[in-house]
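A.B. asks: Below is one structure. I have some questions about it.
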Number of protein chains: 2
Amino acid sequence: MTNRRVFLGSVAAVGALLAGCAAPSTRPVDPLPSWNDGPARQSIVAFVAKVTQEGTTGYVPPAERIAVFDNDGTLWSEQPAYVQLAFALDRVKALAPQHPEWQTQEPFASLLRGDVASALAGGEQAIAGIIMATHAGTTTEEFAKIVKDWLATARHPMTGRPYTGMVYQPMLELLDYLRANGFKTFIVSGGGIELMRPWTERVYGIPPEQVVGSSIRTKYELREGEPVLVRLPELDFIDDKAGKPVGINQHIGRRPILAFGNSDGDFEMLEWTTSGEGPRLGVIVHHDDAAREYAYDRKSHIGRLDRGLDEAGTRGWVVVSMKNDWRAIYPPSTTLHATH
Amino acid sequence: MTNRRVFLGSVAAVGALLAGCAAPSTRPVDPLPSWNDGPARQSIVAFVAKVTQEGTTGYVPPAERIAVFDNDGTLWSEQPAYVQLAFALDRVKALAPQHPEWQTQEPFASLLRGDVASALAGGEQAIAGIIMATHAGTTTEEFAKIVKDWLATARHPMTGRPYTGMVYQPMLELLDYLRANGFKTFIVSGGGIELMRPWTERVYGIPPEQVVGSSIRTKYELREGEPVLVRLPELDFIDDKAGKPVGINQHIGRRPILAFGNSDGDFEMLEWTTSGEGPRLGVIVHHDDAAREYAYDRKSHIGRLDRGLDEAGTRGWVVVSMKNDWRAIYPPSTTLHATH
């Protein structure tokens, strides 16, 4: 009986240890439930299997498993306008009383009339001007608070969801899946770096130090003895097109092995990622689902995808059809939680 | 007997599980054997204990346990000259045949005569000129190879050690200790970012994406169809003095809670780090050990420490005496391994 008691006790101990240990589950759980079992999913899963298989020629050590993701149109919706533009429009309205000249000065005048299309007519130059006028002049900490306060109340014009509810459920699953397989996930976006950092950790599981984006200059100074970083109305870096590999090198310092984008603004990032030695994967999210999201590519002035579609085949890049490859687009409404 | 056999079998199973689990060791191992038990070590250990104690007001979640370290003079020796200058001098010699004008042009002429002091007389401007002439014109991957090849053969002029053997053993232990306590460790150096990245992971356990430093611009282009990043002779960013908080914000995106430096070039980094809310620690490594390393502070033109010494007390910064607080300076020769 003594032995039996000890034996039973030790079974309990084994159970406790197993609960604490990362013991393999006997019930297989699909890590990508929102992905249909098509060629896109199969390519991604096969790539992950290859680079994690120790002792094979395709094996990549965890430290080198760098995966980069564009944000607008790849991790969350960018239509009918970049979220950053919606933010800037609201900031223009909030700051307008201090800038009477904006009533007649473009692109501000159009924005204040609610005419986003006319404001956008000035192209990236106009957008840059709006960004500069609305993103500078605060400290970095004040700006982060402005972003968080705005996200708490702003809603997408079509769905009425908070913008952080306009993220793609299949991509959330993919980020988790890659991290569970030893990948380090980074955002490499043309959008403003400080507009993303206040929420990417909570929403995507990507911490601020793994966010690369466009930036304006900052200056260190003392205000009443307290050090602050002041955001200056001077461009620092545009993290788009050929700037993306430059931003990747500056922030990450090594070449990723996996890149996800959705527009020709991501072309060079995919090219840079997939041109190195060893296993590499480039993936393009194709917006072909007018019913559940938006359908746009070659002719769109937001997220234009033209050359990428032409060359994906010859370059071996995977094209994800949102319509066919994704079972769901957004997270269920019930999972949306407070934004700060 | 059956029960007994099963019991013995299950004891073996428990042992196997314990070996696989991170079971707490019963034998306490000193994580900082090269640190004497003085006030510096006590302050560091008390700080780590405070921020890792869940349920207390001082607790800091792991994601926010950001620790930043200067490199030159804080993690490795910077005397008799910055390692980067030794690298540049050797590069000047290697490139001299392609630059006959350097025979008469300062600071190159002095360097080619081996007269480092005269070359340095031009101050930071001269150093920047040397850096630009010797660090640009290659691709990023060519430059990384040049750095690794150089480190494999270059030796410190006083000790004959490879430069990666001139790192401080107590700091290696401290980096490991902090990481074991959930900290993410970053380098924030005035030195060139691409001169550090090829070896910091192997030597310090700090991956390239956690290295912040000074940089020159790069440009993405295709060479015979292959994408490369070309290093341009244009300054991008100086990560020194008031630039350090700017670099921290650009790369890390949140304020560290722990900063280590050794010179007034680290003053603003320590000020920025220790001015935030919650528990914070600033530490200065004081080079006061002429017998085992070097003794220099207020009058040195490399790693000058003047204001930092004056204000450490009132600001609550810890000053580490290399002479009194460190039991060893460098790793034992037997542990030095190949540099690539």
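All of the numbers you see were taken from the coordinates with simple rules; none came from a lab. Predicted model only: the values in this text are computed from it and were never measured. For neighbour counting, all protein chains shown are included, and Cβ atoms are generated from backbone atoms with ideal geometry for every residue, glycine included.
A.B. asks: Taking a ≥ b ≥ c as the square roots of the eigenvalues of the Cα gyration tensor of the stretch A:24-65, is the shape rounded (a/c under 1.5), prolate (a/b larger than b/c) or oblate?
C.D. replies: In terms of gyration-tensor shape, oblate.
A.B. asks: What does the charge count near B:Val318 come to, summing +1 for each Lys or Arg and -1 for each Asp or Glu among other residues with Cβ under 11 Å from its Cβ?
C.D. replies: +1
A.B. asks: Right, next: Once you compute Rg and the Kirkwood Rh from C-alpha atoms, what is the Rg to Rh ratio for the protein assembly as shown?
C.D. replies: 0.99
A.B. asks: Now for a separate question. Taking the Cβ-Cβ separation of A:Arg113 and A:Leu309 as r and a Förster radius of 41 Å, what is the calculated FRET efficiency to the nearest 0.05?
C.D. replies: Once the sixth-power term is evaluated, E becomes 0.70.
A.B. asks: Moving to a separate point now. What does the net charge come to around A:Arg231 if you take all other residues with beta carbon closer than 11 Å to its beta carbon, with K and R at +1 and D and E at -1?
C.D. replies: -3
A.B. asks: Grab the DSSP H runs of chain B that are 4 residues or longer, score each as -39,500 (n - 2.57), total them, divide by all residues and round the 222 nm result to the nearest 500 deg cm²/dmol.
C.D. replies: Counting only the DSSP helices, I get -12000 deg cm²/dmol.
A.B. asks: Do the alpha carbons of any pairs in A:Lys184/A:Lys244; A:Lys241/B:Lys241; B:Lys145/B:Lys219; A:Lys299/A:Lys323; B:Lys148/B:Lys241 sit beyond 23 Å of each other, and which pairs?
C.D. replies: A:Lys241/B:Lys241; B:Lys148/B:Lys241
A.B. asks: Could I ask something else about it? Sorted from shortest, what are the nm distances separating the label point of A:Asn181 from equivalent points in the other copies, each placed 7 Å from Cα along Cα to C-beta?
C.D. replies: 3.6
A.B. asks: Now for a separate question. How high is the FRET efficiency between B:Met158 and A:Glu64 when r is their beta carbon distance and R₀ equals 45 Å, given to the nearest 0.05?
C.D. replies: 0.80
A.B. asks: Using alpha carbons only, how many angstrom separate the centre of the stretch A:137-186 from the centre of the stretch B:44-65?
C.D. replies: Distance between centres, Cα-based: 27 Å.
A.B. asks: Taking GluC sites (Glu not before Pro) as exposed when DSSP calls them loop (any state but H, G, I, E, B) and at most 10 other Cβ atoms lie within 10 Å, what is the longest stretch of chain A free of them, the sites themselves excluded?
C.D. replies: A:55-223
A.B. asks: Helix A:140-153 sits at what angle to the longest principal axis of chain A, using alpha carbons and giving 0 to 90 degrees rounded to 10?
C.D. replies: Relative to chain A, helix A:140-153 is tipped by roughly 80 degrees.
A.B. asks: A further question follows. Given axes a ≥ b ≥ c from the Cα gyration tensor, I'd like to know whether chain B is rounded (a/c under 1.5), prolate (a/b larger than b/c) or oblate.
C.D. replies: The shape class here is prolate.
A.B. asks: Within a Cβ distance under 15 Å of A:Ala96, other residues only, what is the Lys/Arg minus Asp/Glu net charge?
C.D. replies: Net of charged neighbours comes to -1.
A.B. asks: If a/c stays under 1.5 just call it rounded; otherwise compare a/b with b/c (prolate if a/b is bigger, oblate if not). Do that for the stretch B:265-305, with a ≥ b ≥ c from the square roots of the Cα gyration tensor eigenvalues.
C.D. replies: Oblate shape, in that a/c is at least 1.5 and b/c is the bigger or equal ratio.
A.B. asks: The stretch B:206-267: Rg/Rh from Cα coordinates, Kirkwood Rh?
C.D. replies: 1.09
A.B. asks: Based on C-alpha coordinates, I'd like the Rg and Dmax of the stretch B:79-202, in Å.
C.D. replies: That works out to 16.2, 54 Å for Rg and Dmax.
A.B. asks: Share of Cα-Cα pairs in the stretch A:25-152 beyond 27 Å, in percent?
C.D. replies: 45
A.B. asks: Where both residues lie in chain A, what percent of DSSP beta bridges are antiparallel, nearest 5?
C.D. replies: If I count the DSSP bridges inside chain A, around 40 percent turn out antiparallel.
A.B. asks: How far, in nm to one decimal, is B:Leu232 from itself in the other copies if the label point is set 7 angstrom along Cα toward Cβ? Shortest first, please.
C.D. replies: Label-point separations across copies, in nm and ascending: 1.8.
A.B. asks: Could I get the Rg over Rh figure for the stretch B:161-317? Both from C-alpha atoms, Rh via Kirkwood, rounded to two places.
C.D. replies: Over the Cα atoms of the stretch B:161-317, Rg/Rh equals 1.00.
A.B. asks: Could you give, in nm with one decimal, how far B:Gly114 is from each other copy of that position, shortest first, with labels 7 Å out from Cα toward Cβ?
C.D. replies: So the distances to the same position in the other copies read 8.0 nm.
A.B. asks: How shielded is A:217-223 by partner chains, expressed as the average number of their Cβ atoms within 10 Å of its Cβ atoms?
C.D. replies: 4
A.B. asks: Would you kindly state the longest site-free stretch of chain A, with sites defined as trypsin sites (Lys or Arg not before Pro) in a DSSP loop (not H, G, I, E, B) surrounded by at most 14 other Cβ atoms within 10 Å?
C.D. replies: The reported range is A:156-291.
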